[in-house]
Amino acid sequence: MMVYDTTHLIENKLSSLTDDFVAPSLVLEEIKGGKLKDYIDSIRDQIRVVNPDQKSLETVIRAAKETGDFDRMSLTDIHVVAVALMIGDATVVSDDYAVQNVCSHLHVRFSGVKIRTIRKEIVWKWRCTGCRKVFDEYVSRCPVCGHPTSRISVHTRDALSGDSQR
Ligand SMILES: [Zn+2]
């Protein structure tokens, strides 16, 4: 079972879509909003729409906050990972490093197509460039001294890849 993000649904040729292919409705809506409406209408019958349940969404949001990727993910990204988590035996296809990082954290299989997949799972934090205070969640400016923050990786471990089991 493959769960595709928007980029991959757009870029994959019609012939390469197989029947074990699913996407959350947010992915289809993103494409419908663009100039590819005719394309999506033509493959509509081949797409199985599966939307995540609340529990999966909450788990993915919590994981994304734990790794520090939350502010880099769209709602659609979160739905894509949550659908894979809910299905269980599924692979997320995405070239987005934040999506891959969160998948690894949740032991959800992932694969990239155009670029290499991540090798290290990263926990991101934000550090004030003034007073050096470190924040677990994204803040653009330090609430203590007002300086901007920069993103730092504070912990890494080998990422689980497309070959590993969840
Ligand atoms: Zn500061």
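Coordinate-derived values only; no laboratory data. Given the structure is predicted, the values throughout are model-derived calculations rather than measurements.
Below, the figures for the structure above:
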quantity: Computed over the chain, the ratio Rg/Rh where both radii use C-alpha atoms and Rh is Kirkwood; calculated: 1.03
quantity: The chain - share of DSSP beta bridges that are antiparallel (%, nearest 5); calculated: 55 percent
quantity: Overall Cα dimensions of the range 86-142 - principal axes, largest extent first, Å; calculated: 44, 26, 17
